[in-house]
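Peer 1: If you scroll down you'll find the structure; I have some questions about it.
Just so you know, all these numbers are worked out from the coordinates, no wet-lab data involved. Here the structure is a predicted model, which is why all the values come from computation and not from measurement. Virtual Cβ from ideal backbone geometry, glycine too; neighbours counted across all protein chains shown.
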Amino acid sequence: MMAKAKAKAKGSVWEIEAEDVAAAWGVSREEAEGFRRALREAAGRHPREGAEAAVWAAAARRCCRPEHPTPNLDRLSTTPSTPGWDRLRASPRPPPPVTVPSPGRQRRRLRRPTSPLILFFFLAETAPGPLFFLFLSNPSPQPPWLFTIVKRAAPRLFSLFFFFLSVFLFFSSTLPPPHSRPSTTITRIASRLLSLPLPAQAPRPTSEKEDSERAWVRVEPKQCSLSLVRVRARRRARASPMSASGEGGGCRIHCKYTNLGRMMELHGPKLLGSSYQDPISSYDLFQKFSMQHPEVFWSIMVKELSISFQQAPRSILDTSDKLKDGGKWFPGAVLNIAECCLLPVQFQNKTDDSVAIVWRDENYDDFPVKCLSLKEFRDQVMIVANALDTVFTKGDAIAIDMPMTCTAVIIYLAIILAGYVVVSIADSFAPKEIGTRVDISKAKGIFTQDFIIRGGKKFPLYSRVVAGTKCKAIVIPAIGTEMGVQLRGTDMSWKEFLSRTAGLPRPYNYSPIYQPAENLINILFSSGTTGEPKAVPWTQLSPIRCASDSWAHLDVQPGDIFCWPTNLGWVMGPIMVYSCFLNGATLALYHGSPLGRGFGKFIQDAGVTMLGTVPSLVKTWKSSKCMEGLDWTKIRVFGTTGEASDIDDDLWLSSRSFYKPVIECCGGTELASTYIQGSLLQPQAFGAFSTPSMSTGFVIFDEQGAPYPNDQPCVGEVGLFPVYLGATDRLLNADHKKVYFDGMPTYNGMKLRRHGDIIQRTVGGYYLVQGRADDTMNLGGIKTSSLEIERVCNRADESVLETAAVSIKSSNGGPEQLVILAVLNKRSAECDPNLLKAKFQRAIQKNLNPLFKVSFVKVVPEFPRTASNKLLRRVLRDQVKQEFSTCSKL
């Protein structure tokens, strides 16, 4: 029965029950069942959410005219003239802020009155008579003037009243099925104007526990400086999983149908006993349990991902080896993590026909979004894996230095599937940086492009690779199939590389190379903010960690379409690959710059449901207003990482999709994940974190290494608990123990792991990242963070786009001097640095400390950044020191 066959997309139109369809359309149950069958068939041919309106039209036609053939959905762009469509009264693209309807919550549609005008005249003529008679029969004396007013005005007043009532009934009976709460638009407006409560649904008995099962998450920007998002428990009868509503500027989340909420409902009573109440109330207890009993949590977690062991592990965690601070995870396990990304998974509804990747090339904004099914994607990966065996030797390290395109993702998984090691290099590096990373990893080959296409311009890439390294390069053309550059004699084109599989009898088949879980699969590099980049090795455990964090905190579910503009050279690139493919989601890629409107239109057309950003990217969107008029209402969760977020920017981003939650993420390449995040099961605050990641523990300690109490507001360096699945236990070009453990304090018998972040815990239990420990400055004997000063200065003047605060020591000694560098908005005229200095000084004295003195302000065109948009304060500090040194000599 189709009513039992739930679609992957929670809260979509595919979930409407047959009874509701029959009642809304006035058709029999058999016709309604026919509609559902046709709808399911059409949905299978058009899995993307963007084709939803066309699916409705086709299904309506099949329902009302079974003998009529199903129209060609690809050509269906206008409203069909069919009885089914007239009854449905839907549009091909519902205008915002309409949201998807929730199953089982649609009220029985009102029948149109036989004649509203007859009802009007009957009530207008009959109602005043009895009331007037009652007025006359009142024994108390009435003044003559009142008698005259009632006699003349009563019929007219009642006539007007019943006229508007009739109009209301007429229009409410012709409205389409409601998209949010079961109250019409007119009722909603009238209720707000008259301050009356909205019509309630039929009550049903509920318990206190049921009342807290659903959370009403609402943005309250005026509540406090952090724009706290309050969570209120409210009863909702027959609520749908993960349904959304534009009501009141918020969204309703059925907590039991989030990934983590479902896990807690299933295992919480057994693990927490009587202390378990519901996913919202018991979240902190469950997170603490996962940290104290990681082997229990991960034994459950690994079953939620599409992980297939060729040889099962002997245990989850082995702590018998005291030389390993974090123990040994999944000992004895043998698998190929790339194979796990490519195979169909029944419990995730992941089939060969599921969409694996959607993408669009820059400057093709008006063309349809391209897509690859899982089978097509797997075939491409296996062809590349077969070609690799003809060029390289098993175990070789092979670099990828190109934008994160569909082809790059295919190459990435093919290298791991075939038993090689990926070396991730960002496509923005100069030749020297490329050569450094190739030399450290000892790569035997490198995949790259001839050019990078950004903003309609060509930027050379192959020439930079040639200048940086002599290893064999396999070059993919950025446009078309023909190469745009002349290749070296040792290099080969992409076309020539693939032609090596022509003689194979079955090029689309490949037997994966299975290896132990602790074997190396990927070499990444730290951002280089503190000197030479550290070569960070990822094992097959690292993908499990990053996919599980996305599952638990971002709530990535099967059927989601996930986009996060990044690069395989940075940690978010591999995280995106595994977060999508191990969770049954679709990876969305834009082959171009994410700064312009083209990227935003891709988000709209691809039906992206989860969008990741970096704060500087959001700031650019907001200031340029390039995303105005685009429909991002299908997005249900935003993610952000890379640097500290601005509260106003987060509020703007959230407003693009009915104020959906923005989940802050903070972690590191060596952790393969985030150690601190937000959660859909907790109240969220813009620009802040609400919880440690699942199974993660940390403490905040002072300058003497003494930990602060866990419930006390404080500021200090963070120390991570060493038992951490996915974290590195070695570095390829540095002493791992010296980098991460030497000099760290001990807590409860554990040697804490260094991460380098300065964390502030607020009164409400939220966390703010104050920057790196090496970004701390000492101003007049008071230690403060660069980020604190930058947050204040960014708001000091409207012409300022962003600021960077650094401190330098005078060559003659004395206290550190505060220098602020500013980048102005493009539309702003030149600003006097002295005027900015005065404004910055007043803002700092008012909001931070009156003892802090701004020594120098300089306006610069832009800041030096890594390819992952991290601000290089070290470079700025060196530039300012050089400038001050030159001035001193003069």
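Peer 1: If R0 is 25 Å, what FRET efficiency do you get for Glu862 and Gln882 from their C-beta distance, rounded to 0.05? Mind dumping the intermediate values first?
Peer 2: Details: r = 18 Å, r/R0 = 0.72.
With R0 = 25 Å, the Cβ-Cβ based efficiency is 0.90.
Peer 1: Here is a further query. Neighbour counts of other C-beta atoms within 10 Å: give me Arg597, Arg545 arranged from fewest to most. Present the calculation step by step, with values, prior to reporting the outcome.
Peer 2: On the way: Arg597 16, Arg545 27.
Listed from fewest to most nearby Cβ atoms, that is Arg597, Arg545.
Peer 1: Going 7 Å from the Cα of Glu518 toward and past its Cβ, which residues in the range 710-726 have a backbone nitrogen under 16 Å from where you end up?
Peer 2: 723-726
Peer 1: If I model a spin label as a point 7 Å beyond the Cα along the Cα-Cβ vector, how far apart are those points for Asp321 and Arg597 in nm?
Peer 2: Distance between the two pseudo-spin positions: 5.7 nm.
Peer 1: Gln704 to Lys826: extension gain in nm, 0.36 nm per residue of separation minus the Cα-Cα distance?
Peer 2: Numbers: separation 122, 0.36 × 122 = 43.92 nm, distance 4.55 nm.
Answer, rounded to one decimal: 39.4 nm.
Peer 1: If you don't mind, there's one more thing I want to ask. Could you list Arg865, Arg772 in order of exposure, starting from the residue whose Cβ has the fewest other Cβ atoms within 10 Å?
Peer 2: On the way: Arg865 17, Arg772 20.
Listing Arg865, Arg772 from fewest to most nearby Cβ atoms yields Arg865, Arg772.
Peer 1: What are the ³J(HN,Hα) couplings of the range 478-486, residue after residue, when phi is run through the Karplus curve with 6.51, -1.76, 1.60 and θ = phi - 60°? Round to Hz, x for glycine and proline.
Peer 2: 6, 10, x, 10, 9, 6, x, 9, 8
Peer 1: Continuing with the same structure: Which of the lysines could a cross-linker span from Lys809 if the Cα-Cα distance has to be under 20 Å and same-chain partners fewer than 8 positions apart are dropped?
Peer 2: Candidates past the 8-residue exclusion: Lys783, Lys837, Lys853, Lys858, Lys881, Lys889.
Peer 1: Continuing with this model, one more query. Between the range 604-636 and the range 414-452, what is the C-alpha centre distance in whole Å?
Peer 2: If we compute the Cα centre of each part, the gap is 31 Å.
Peer 1: Something else about it: If I take R0 = 56 Å and measure r between the Cβ atoms of Ile300 and Lys853 in this structure, what FRET efficiency does the formula 1/(1 + (r/R0)^6) give, to the nearest 0.05? Show your work: numbers first, answer last.
Peer 2: Numbers: r = 55 Å, r/R0 = 0.98.
That pair, Ile300 with Lys853, gives E of 0.55.
Peer 1: What list of ³J(HN,Hα) values in whole Hz, one per residue of the range 398-405 in order, does the Karplus curve 6.51 cos²θ - 1.76 cosθ + 1.60 (θ = phi - 60°) give from phi, with Gly and Pro shown as x?
Peer 2: 3J(HN,Hα) across the range 398-405, in whole Hz: 10, 8, 10, 10, 6, x, 7, 9.
Peer 1: Take the Cα radius of gyration of the range 469-550 and divide it by 2.2 N^0.38 Å, with N its residue count; two decimals is plenty. Write down the numbers at each step before the final one.
Peer 2: Working: Rg = 18.2 Å, N = 82, 2.2 N^0.38 = 11.7 Å.
So the Cα radius of gyration is 1.55 times the expected 2.2 N^0.38 Å.
Peer 1: By counting other Cβ atoms within 10 Å of each Cβ, how are Lys457, Lys619 ranked from fewest to most? Don't skip to the end; give the middle numbers.
Peer 2: Values: Lys457 9, Lys619 20.
Ranked by crowding around the Cβ, least crowded first: Lys457, Lys619.
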